[in-house]
Every structure is written in C-alpha cells, then in structure tokens.
Amino acid sequence: MFNKNVKYFTTGEFAKICKVNKQTLIYYDQIGLLSPIMKDNKDYRYYSIVQYEFFSVIELLKAVGMSLKDIQKYMAEKSPENFLDLMHQQKEIVAKKRRELEMIESIIDVKIDLTEEALHLDFDSMTMEHLPEETLYLSKNIEDSTEEQFVKAVSDFIDELDRSQLDTGYPIGGITRREQVLAGNYDNYSYLYIEQPHPREGHPYFKAIEGDFIVGYHVGPSTALGETYERLFKVMREKGYELGQYVYEEYIYDAVIKNREEDYVTKIMIEIKKGC
C-alpha cells in the first residue's frame, strides 16, 4: 500500500535522480540487487528516496572495479561489520589505483620533457660533455645472445619493469662493453637499462660513471650505426681521447614518434678517457 506521507518515484523519475537509464534499474531488479520498494496493482514500480543511498553504494563499488556478482554476495550477507570490512578493502584498492595513476602521470611528464628537449636538438652535432652520475636499472647480461635470446631478454626486462613498477618513462637503452665496440659489434649489448632518477630500496642498481663522453646522434636504421660510430671515433681521436669502458645507446625518436625507420634517432654516449 502507498503511504501518503512518503514520496514515491516512478522508475523514470528515480533513474533521473540516479543519472542512469531506466534499463539499469530494471536490470538491477531482475537480478535482485535493487528492487523497487513497492509495485502497484498495475505492476508499476516505485522507489523511495531512501533507496538512493543503496544505489549510490552499488555505483561506488562498481567504480572501484567490484563486479555485480560480488556486490550481490555482499548484499546477501550485509551487516555493519561486513560493511566496514568492505569499505576498508575498497579504500586499499583506491589507494593502489591512486599510486598507479601517479606513476602514469610521472611517466607522461618524463615523455613530455624528453620530446620537448628533442625538438631543440641538432642531430648532426657531436659534442664532448661531462655527464653526471646516473642510477640505472639493468637487465640480466645479454652479451653474445642469439636473436631469440635477445627477444626474450627484452620481453623479460619489460615484464620485470612492469611487475616491480620501475618504468620511469625514460627510454630503454643498451650498454655495450669497450671490447665489443672496438670489434665493431655495436649492437652486441651487455645490458639493457632504464634510468632511475628516484631509486627505491630493495632493487639492485648500476651507477653509470660520472665523466667525460662524446655524444652524437644516429639518424636511420640500426644497420647503419657503424658509420655514425666511425665519425664519433674520429672526433674522439682528434681531441686526444680514447674509448672508455662502456658505450650507452638510447632512442630519441622511435616507432612511437616516427613511422619510418629511416627517421629513427638514436643517441650515442661514448665514455672516453684521456689518451696515453
């Protein structure tokens, strides 16, 4: 029976209050999640304003990723204690998502900064620079790996960055030992790396040595890297330096920014030391 002192809402009116379509309320009724407070003798559905709080909790739980099935399970066993447990669980989920979003925002900021910086670079330049110490996270040793092993190493490294939340937005680079570079094996990397500007405890890191480097840029496919290395070596020798322990490579422009491999840009940083 209608209570004349209570305001009832039709399905359409209540849907408007809840900012959903009528079909959502009808579906919730069909699965027993949220049923009208009453139906008249013509089978018209009516809701009460007190059910809005019930609806808002359903939408809150959906917003944090809880399935309708799990919401139904809670509703079947609801109590103040269960509600508190549920809210504490969902708060943890929200906190985790917030941290993930903050990490994504940080990655986006890094990519914006790197791309804006790249727009002002002269890719024909070869400069001597004193680079500060950098903290890097390294892959396992991949030197002399087969093509199949290299593909797996890249995949494993990316999985590890994702699992440990170590993706900082900086490009994944390659470190090549002096001996391989001198032998002309420029792409026989010893390690993959990614810069870690804010290293966290509990992870093994590698400290890139502070020192002097010759920095240049290779434009085009990696198969032509040797030509750029020879030009850099020429400058190195002219300045009276010799090759140091490592060479670092990382993409400035890759498939994310350029369509053709001919337009890819690789930054090459050659560690140098004063010749004898």
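Here, each number is a calculation from the coordinates, and none is a lab measurement. It should be emphasised that the depicted structure is a prediction, and the values quoted were computed from it without experimental measurement. Here the Cβ is made from the backbone with ideal geometry for all residues, glycine too, and neighbour counts use every protein chain on show.
The ellipsoid that matches the Cα gyration tensor of segment 79-179 has semi-axes, each √(5λ) in whole angstrom, of 39, 22, 11, with the longest given first. Considering helices alone, the calculated mean residue ellipticity of the chain at 222 nm is -13500 deg cm²/dmol, with DSSP H runs of length four and up weighted by -39500 (n - 2.57) and normalised per residue. Placing unit charges on the Cβ atoms of the charged side chains and taking the dipole of the chain about its Cα centre, the candidate lying farthest along the positive direction among Gln23, Pro132, Pro199 is Gln23. Let a ≥ b ≥ c be the square roots of the eigenvalues of the Cα gyration tensor of segment 212-263; is it rounded (a/c under 1.5), or, if not, prolate (a/b larger than b/c) or oblate? Prolate. The string of couplings for segment 63-73 from the Karplus curve (6.51, -1.76, 1.60, θ = phi - 60°) is 4, 8, x, 6, 6, 4, 5, 5, 5, 4, 4 Hz, one whole number per residue in order, with x for Gly and Pro. Evaluated at q = 0.20, 0.23 Å⁻¹, the base-10 log of the normalised Debye intensity for segment 190-276, with identical point scatterers placed on the Cα atoms, takes the values -1.01, -1.14. Computed from point charges on the beta carbon alone (+1 for Lys and Arg, -1 for Asp and Glu), the dipole magnitude for the chain about its Cα centre is near 1960 Debye.
Karplus-based coupling profile of segment 43-53, in residue order and whole Hz: 6, 6, 8, 9, 10, 10, 4, 5, 7, 5, 4, with θ = phi - 60° in 6.51 cos²θ - 1.76 cosθ + 1.60 and x standing for Gly or Pro.
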